[in-house]
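Notes follow once the structure below has been shown.
The values are calculated or read from the model by the stated rules, or taken from the named source; none is laboratory data. Quick caveat, the model's predicted, so the values are computed rather than measured. Heads up, the Cβs are rebuilt from the backbone with ideal geometry, glycines too, and the neighbour counts pull from every protein chain shown. With ligands, DNA and RNA removed, areas are computed over all heavy atoms of the protein, side chains included. Shrake-Rupley method; radii C 1.70, N 1.55, O 1.52, S 1.80 Å.
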Amino acid sequence: MGNNETNSLSPSKFDRRAFLKSALAAAASTSVVGAENTLSKDESGDKKETESKKTNSEWISAACWHNCGGRCVNKVLVEDGVVVRQKTDDTHEDSPDYPQQRGCLRGRSQRKQVFSPDRLKYPMKRKNWSPGGGKKELRGNDEWVRISWDEALDHIASELKNAKEKYGNKSILLSAGWNSAIVEMSRTLGLFGGYTEYWNTNSFGTWAMTPAMVGFLQLGVWDQTINDRFDMRNCDTIVMLSMNPARSAMGSASWHYLQAKKAGAKFISIDPIYNDTASLLDAKWLPIRPSTDTAFLLGLAHSLIVLDDPKDRPLIDWGFLNSCCIGFDREHMPDGEDPKNNFKDYVLGTYDKEPKTAEWASEICGIEANEIRQLALEMGKNKKVAFLCGMASARTKNADNLPQLIMTIGAMTGHMGKPGHMTGSTMHATSGNGGYALVKAGNDGLPGIPNPVDDTINANEIWDAVLNGKYNFTGSGSFVSAKQYSKGEKRDIDIHVIYNAAGANLQTSDGASKGIEAHRKVDFVVAHGQFLTANAKYADIVLPVTTEWEKVGGFLGGALIHSGNREMIVHYSQVIQPLFEAKSDQWIAVELAKRLGIDPKEVYPFDETQQYFNKLSTIEVVKEDGVTYEKLVKITQQDIDELGVAGQPQDGRISYKEFKERGVYQVERYQGDNYGYIAYENFRKDPKANPLNTQTGKLEICSPNLAKKVNQMGYSQISSIPKYIEVTDGYTATFKDWKKKIKGEFKYQVISPHYLRRSHSVFDNVKWLQEAWKNPVFISRKDAEENDIKNGDGVLITNTYGKTVRNAVITERIMPGVIALPHGSWIDIDEKTGIDMGGADNILSGQTPTGQGASGFNSIIAKIEKYSQNLIPDVDKPARIVF
Ligand SMILES: Nc1nc2c(c(=O)[nH]1)N[C@H]1C(S)=C(S)[C@@H](COP(=O)(O)OP(=O)(O)OC[C@H]3O[C@@H](n4cnc5c(=O)[nH]c(N)nc54)[C@H](O)[C@@H]3O)O[C@H]1N2
Ligand SMILES: Nc1nc2c(c(=O)[nH]1)N[C@H]1C(S)=C(S)[C@@H](COP(=O)(O)OP(=O)(O)OC[C@H]3O[C@@H](n4cnc5c(=O)[nH]c(N)nc54)[C@H](O)[C@@H]3O)O[C@H]1N2
Ligand code: SF4
Ligand SMILES: [Mo]
C-alpha cells in the first residue's frame, strides 16, 4: 500500500540507494525530535561516512534484535560515550550477487528507541496494588509508584510462593512471546517446580505442522522448500501467494526478486492488496479474498486437470505425480484409504457431484474464473515457474490443508526439484533465498531446564482458560518445542499469576479484549519491559529491562529460525551501560531464584560473558566445497584473557578482532558457486533412495497422518486430502444467508498486514517512525463510498470481540470487501467508551481455535462506520512516560 501514506516504489525508478536516500530525507526533514536529529546526509549512503575528528570516537556494531525478518548491520558512532549517529553496512561494495546487509528506517532509528524518554527507568508497582490483588479492576488504569529492586523482587517472590502453596505451580502462567520455554524466566520457574506454558503457531499459521506430515524435507525447516536466490533468476514466471517481502522481509529479499525480474521473470501476485512488492515487480494482480486460498487453488487444480492435454498442451507432470506422490488419483492411494477419497475425483466432483471448477472457486475467492484458467495455462509443466507462498494466507482459521494443497499444485505442475522450478513457503528472514545455513550460529552451552508442569495452552484459548478455568490440552503445537501434538483432552486450569516475561502476548495474541479481562481477573500480574507496552500496562509490578545495547554483546543471524538469512551472521557489541535502573532478564531470573530458595548457579552456571564466548567459539562457516564446515572465528589466548572467560584458543576463518570491528561476516557469493540449492532435487531424482520424512516417504497429497494428528486435537475436523472447508470468520461468514447472498452485520473481512513502522509491536513508540507511517486503516473506494467515509475520516471498526478506531486511507489497491488494519499498533483503550484508540489489530480477533490451533489473524470479520470525533494522530499523543 502506498498512496498518501508512504513511499510508493515505482518499479522503473527503483534503486536502493535513491530509495533509502529519499525515504531518509523524508524522515529527517519532518522530524519532531529537534535539532539534534542527525539522520541526514551522512546516513544516506551518498557520501562516504565522514570519520569524526573528535578524539574519543568510535563506530561500534550495535544490535537491531527484533523479529522483523532482517538481520542488518547497524553501527553507532559513539563520541565521548554518547551515541551521536548511526550508519549501516559499508563493509564491502554492494552488488546483486554480494549485497550489503543494509538496515531499514526502523533499525536506523534504533537509538531513538533505546534512548526514548518513555524507557522504563525504575521498578514500579501499581498504586492500588496490595498482596493478593488490590483493586484488580484498576489494572491498566492505575497510577504507578516507584519502588526499589529489593521491594519489587521480594513482592514477586512472595506472590509466586503463595500461588504455588495454595494452587500449585500450574497456577503460574508464563507468557513470553511465541515460546515460553526459551526465555530466561523459564529457567527459574522451571527449577521452582514449573509453570503453565502458552503455545502458538504465530508466523507459521498452518505451515507449523501440515508440511511435516505431508512432505517437508525436514521437520521445522520451512526455509528449505524453495531453491536459492540465484536459481530464481532461471524462472520465467514467479507466482506469489500472500507475499509482500518489500514490507515484511527486510534485508535483501526484494533485491533478490528484482534480480529475477531483471533476468526476465514475470510476476503474478495473488493477494487482497496490490502490495508494494507487486508494485515494485510490476506484477500482474489477482485480487483474492482473505482466507479463500483453498477454494482458489482447488479451482486452479480443476483447471489444470481439464485443460491438460498430454500431447498438445501438457500442463500436468504425470511422471512426478506417479513416482513421487501419493493420493492424487485412485490408482495411487495409501494403504487402508478408501480409493474414492482421492484428490482428482474430489476436484472433479466424481462422487460428491460438485466439481470444483474455476467458476465454483471464483464465487468464493473473488478471482475471475477466466483468470484462474489463464493461470493454469501459465503454470503448466513446461514453463519454468516458482510458486512462492508467504504464510499470511495460512494465518487464518481452518487452513490446515492449505500448505498441502500448495504442495499438491506444485507436484501437479512438477515445479519442484529442478533448476528454475520451485514450490513452497518463503517468508521473513529467508524470503527468496532457500537453502541450508552457510553460517551456523553458535551455542551458549547452557544446560536446558525442564518444566515439570505439562500444562500448555493454545493462544486461541489462553484468555478463555484464565477466565473460565477450562482448556483443551493438546500438547504444544509449536514445532520448536520438544512436546508433540497429542490427543485433545479437556483439562481444568486455575491461573492465579500471569508472568509476562517477554514478548508482547497481550498485544500480539488472538483475543486482546479478553486478554485484558483475564489480566484483571488473576491475583497477580508481573511484567518485564523496556516500555509501558500492554503487557506492562496491565501489570501490578513492572521491572525495567535493558536493551541489547546495554548487554555484553552477541550475535544475530546464522540462519536459525527467525534470525537472518543463510549467508551471514552479525556480531554486535555493548554500546552503553544499562540506563537508569534497568537490569537484564538474566539478572532478574537469578535474583528471583535467590529469593525462591533456588541455587542461582543452577539457573545460570556461568555468566553472560561466558555464554557470549561459547557462542562465539562455536560459530561455523561452510567451506568452499559447500559441504563441510569450519570454525568461523580465530580466537587467541589474549582474546580469552581479555574477555576473562574459560576457553581454548582456536583457528578460524577470521580473527575475533576483525569480526568484532566489521560487525558482520558474510559469505561472498557468485553465480556458479558451490552454495546453490535446489529443494527436493535428490528426492525427485530418486524418490526411493531419498524418501521424504512422511509415513509413505512420498509427497502426501492424501495424508491420513495429517488428518489424524489434526483431528485428534479436537478443535475441528479436516480430511486427509485438501478439501474446501467453510472458514470460521471467513468470507462466507460475512453473509447472513450465503446461498441467497444476503450480507450479515459484519460485512467486511479484516486483515492485518505487517507494517513498516514496526516490527510487530516494537518501535511503535518511536516518534520519527510514527511521523513517517501514520498507521491508518486501508479501505477501498467502493467500501468507503458505501459508508460515507472520506479520506482521512475516522473509522470505527467493530465486531463481536471489540472496537477499534483509525483514520481512513482510501485506496484502489485493496479489493472491495476487505479492510487492512496494520499489525502491531499499541492497544490504547478509552476506559469511558471501551474503544481502542490505538488501532490494535488483535482487539478484533477472537478466541476460536480450529484445526491445529493456528491463529486466525487474517480471518476476521467486522463492520465499519464513520467515527465523528476527532482522532489525535499517534505522533501527537503523549509518550507513555511514567517517571
Ligand atoms: N492480528 C495479528 N496478530 C499477529 C500477527 C498478525 O499478522 N496479525 N502476526 C503474528 C506474528 S507472525 C508474530 S511473530 C507475533 C509476534 O509477537 P511478539 O513476539 O509477542 O511481538 P513483539 O512485538 O515482537 O514482542 C517483543 C516484545 O519484547 C520486548 N523486548 C525486546 N527486547 C527485550 C528483552 O531483552 N527482554 C524483554 N523481557 N523484552 C524485550 C519488546 O519491547 C516487545 O514488547 O505476532 C503475531 N500476532
Ligand atoms: N516491517 C515489518 N516486517 C516484518 C514484520 C513486522 O512486524 N514488520 N514481522 C516479521 C514476521 S515475524 C513475519 S512472520 C513476517 C510476515 O510476513 P508476511 O506473511 O509476508 O506478512 P503479511 O503482511 O502478514 O502478509 C503478506 C501479504 O499477504 C496478504 N494476505 C493476507 N491474508 C491473505 C490471504 O488470506 N490470502 C492471500 N492470498 N493473501 C493474504 C497481505 O495482504 C500481504 O500483502 O514479516 C516479518 N517482517
Ligand atoms: S530490517 Fe529489521 S534488523 Fe534490519 S534494520 Fe530494519 S528493524 Fe533492524
Ligand atoms: Mo512472525
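Descriptive notes on the structure:
- Within segment 326-353, being acidic (Asp, Glu) and open to solvent by 70 Å² or more (accessible area, probe 1.4 Å) holds for Glu331, Asp335, Asp338, Asp352.
- Residue satisfying condition, being in contact with an Asp or Glu (Cβ under 8 Å, 6 or more places away or on another chain) and either farther than 30 Å from Ile814 by Cβ or open to solvent by less than 10 Å² (accessible area, probe 1.4 Å) (or both), within set Leu706, Leu699: Leu706
- Count of segment 420-435 residues, restricted to those that are within 16 Å of ligand 1 (Cβ to nearest atom) and of a type outside the set (A, V, I, L, M, F, W, C), is 5.
- For Glu642, the conditions (1) open to solvent by 70 Å² or more (accessible area, probe 1.4 Å); (2) more than 30 Å from Val882 (Cβ to Cβ); (3) in contact with a Phe, Trp or Tyr (Cβ under 9 Å, 6 or more places away or on another chain) are fulfilled apart from (3).
- The set of residues from segment 93-119 being open to solvent by 30 Å² or more (accessible area, probe 1.4 Å), away from ligand 1 (no atom under 16 Å from the Cβ) and either at pLDDT below 95 or not aromatic (Phe, Trp, Tyr) (or both) comprises Glu93, Asp94, Ser95, Pro96, Asp97.
- Residue that is in contact with a strand residue (DSSP E or B) (Cβ under 8 Å, 6 or more places away or on another chain) and in a helix (DSSP H, G or I), where the choices are Lys125, Lys170: Lys170
- Check on Thr277, more than 16 Å from ligand 4 (Cβ to nearest atom), buried (at least 23 other Cβ atoms within 10 Å of the Cβ) and free of Cβ contacts under 8 Å to residues at least 60 places away in the same chain: yes
The rows are residues; the columns are (1) open to solvent by 20 Å² or more (accessible area, probe 1.4 Å); (2) over 26 Å from Thr732 (Cβ atoms); (3) within 16 Å of ligand 3 (Cβ to nearest atom).
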position: Met240; (1), (2), (3): no, no, no
position: Met243; (1), (2), (3): no, no, no
position: Ala260; (1), (2), (3): no, yes, no
position: Trp285; (1), (2), (3): yes, no, no
position: Ile288; (1), (2), (3): no, no, no
position: Phe296; (1), (2), (3): no, no, no
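- Considering segment 298-313, the residues that are open to solvent by 10 Å² or more (accessible area, probe 1.4 Å) and not in a loop (DSSP other than H, G, I, E, B) include one that is nearest to ligand 1 (Cβ to nearest atom), namely His302.
- Residue in segment 788-796 that is within 16 Å of ligand 1 (Cβ to nearest atom), of a type outside the set (Phe, Trp, Tyr), modelled with pLDDT of 95 or more and on the phi < 0 side of the Ramachandran plot present: no
- As a summary of the residue check, Val750 satisfies the conditions (1) within 30 Å of Arg119 (Cβ to Cβ); (2) outside any loop (DSSP other than H, G, I, E, B) except for the one numbered (1).
- Residues that are free of Cβ contacts under 8 Å to residues at least 40 places away in the same chain, under 30 Å from Trp59 (Cβ atoms) and open to solvent by less than 70 Å² (accessible area, probe 1.4 Å), drawn from segment 647-692: Gly647, Pro649, Gln650, Gly652, Ile654, Ser655
- Residue in segment 732-752 that is aromatic (Phe, Trp, Tyr), open to solvent by less than 20 Å² (accessible area, probe 1.4 Å) and within 16 Å of ligand 4 (Cβ to nearest atom) present: no
- Among (1) away from ligand 3 (no atom under 16 Å from the Cβ); (2) open to solvent by less than 10 Å² (accessible area, probe 1.4 Å); (3) polar (S, T, N, Q) - the single one Gln717 does not satisfy: (2)
- Residues of segment 416-451 that are in a loop (DSSP other than H, G, I, E, B), crowded, with 24+ Cβ neighbours inside 10 Å and at pLDDT 95 or above: Met416 alone.
- Members of segment 821-840 found to be within 16 Å of ligand 4 (Cβ to nearest atom) and either open to solvent by 10 Å² or more (accessible area, probe 1.4 Å) or more than 27 Å from Asp788 (Cβ to Cβ) (or both), listed by number: His823, Gly824
- Counting residues in segment 242-252 that are without any contact (Cβ under 8 Å) to a residue 40 or more places away in the chain and hydrophobic (A, V, I, L, M, F, W, C) gives zero.
- Segment 765-778: number of residues that are open to solvent by less than 10 Å² (accessible area, probe 1.4 Å) and either under 23 Å from Gly511 (Cα atoms) or among the charged types (D, E, K, R) (or both): 4
Let's see how each residue does on (1) without any contact (Cβ under 8 Å) to a residue 24 or more places away in the chain; (2) over 28 Å from Pro452 (Cα atoms); (3) in contact with a Leu (Cβ under 7 Å, 6 or more places away or on another chain):
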| site | (1), (2), (3) |
| --- | --- |
| Tyr122 | no, yes, no |
| Glu137 | no, yes, no |
| Glu143 | yes, yes, no |
| His155 | no, no, no |
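- One residue from Glu865, Glu786 being within 26 Å of Asp271 (Cα to Cα), without any contact (Cβ under 8 Å) to a residue 60 or more places away in the chain and surrounded by fewer than 19 Cβ atoms within 10 Å (Cβ to Cβ): Glu786
- Taking the criterion of being away from ligand 2 (no atom under 13 Å from the Cβ) and either buried (at least 24 other Cβ atoms within 10 Å of the Cβ) or part of a helix (DSSP H, G or I) (or both), the residues of segment 848-860 that qualify are Pro849, Thr850, Gly851, Gln852, Gly853.
Every residue, every condition in (1) small (Gly, Ala, Ser); (2) crowded, with 24+ Cβ neighbours inside 10 Å, yes or no:
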position	(1), (2)
Glu137	no, no
Arg146	no, no
Ala157	yes, no
Leu160	no, yes
Ala176	yes, yes
Val183	no, no
Ser186	yes, yes
Met213	no, yes
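- Filter result (at pLDDT 95 or above and either closer than 20 Å to Gly564 by Cβ or part of a loop (DSSP other than H, G, I, E, B) (or both)) within segment 74-85: Asn74, Lys75, Val76
- Evaluating Lys356 against the criteria (1) open to solvent by less than 30 Å² (accessible area, probe 1.4 Å); (2) under 32 Å from the mean Cα position of the chain (by Cα); (3) basic (Lys, Arg) leaves one unmet condition, (2).
- Of the residues making up segment 521-530, not a single one is among the polar types (S, T, N, Q) and either surrounded by fewer than 20 Cβ atoms within 10 Å (Cβ to Cβ) or modelled with pLDDT under 95 (or both).
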